[in-house]
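As structure tokens, the structure follows; a few thoughts come after it.
The values are calculated or read from the model by the stated rules, or taken from the named source; none is laboratory data. The structure presented is a predicted model; accordingly, all values stated were derived computationally and were not measured. Cβ: placed from backbone, ideal geometry, glycine included. Neighbour counts: every protein chain shown.
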Amino acid sequence: MIYELRYYECVPGKLPLVLKRFEDHALPIWKELGIRSLGFWTTAIGDNDQSLHYMLAWKDLADREAKWPVFATDPRWQLARKLSEPAGPLVAKISNSILKPALHGTATAFAAPE
């Protein structure tokens, strides 16, 4: 099992729109494609209260490489992105990290059921 931590630095004031886009569009497509979300977090205390962090669980890197491009090019997702950005992008910067367990047995607390 590997985990992907994604960070979105939203355009000021656009975080609620990003969250709605995930809830209404991305999550249903992910469910259909078997992409497993472990959770979404916003910053309560820190440098940027317009940031979004979320984590995905993958069986392995091959699982991610098979599913993520299918999602990214899904016509429903492409349309949702286009329609949600009539005044410009909602996200200024995206970064991600692929994480692997470092200590034996510690990652099971985060593993979502299949």
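Numbers for the structure displayed
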read-out	value
Per-region count, segment 23-41, residues buried (at least 17 other Cβ atoms within 10 Å of the Cβ) and not small (Gly, Ala, Ser)	4
Subset of segment 1-23 (residues that are outside any strand (DSSP E or B) and of a type in the set (Asp, Glu))	Glu23
Residue in segment 2-12 that is in contact (Cβ under 8 Å) with a residue 12 or more places away in the chain and touching a Gly at 6+ places or on another chain (Cβ under 9 Å) present	yes
Residue that is modelled with pLDDT under 95, basic (Lys, Arg) and surrounded by fewer than 12 Cβ atoms within 10 Å (Cβ to Cβ), where the choices are Lys82, Lys100	Lys100
Qualifying positions in segment 24-68 - assigned to a loop (DSSP other than H, G, I, E, B) and either β-branched (Val, Ile, Thr) or within 21 Å of Ala92 (Cβ to Cβ) (or both)	Ile35, Thr43, Ala44, Ile45, Gly46, Asp47, Asn48, Asp49, Gln50
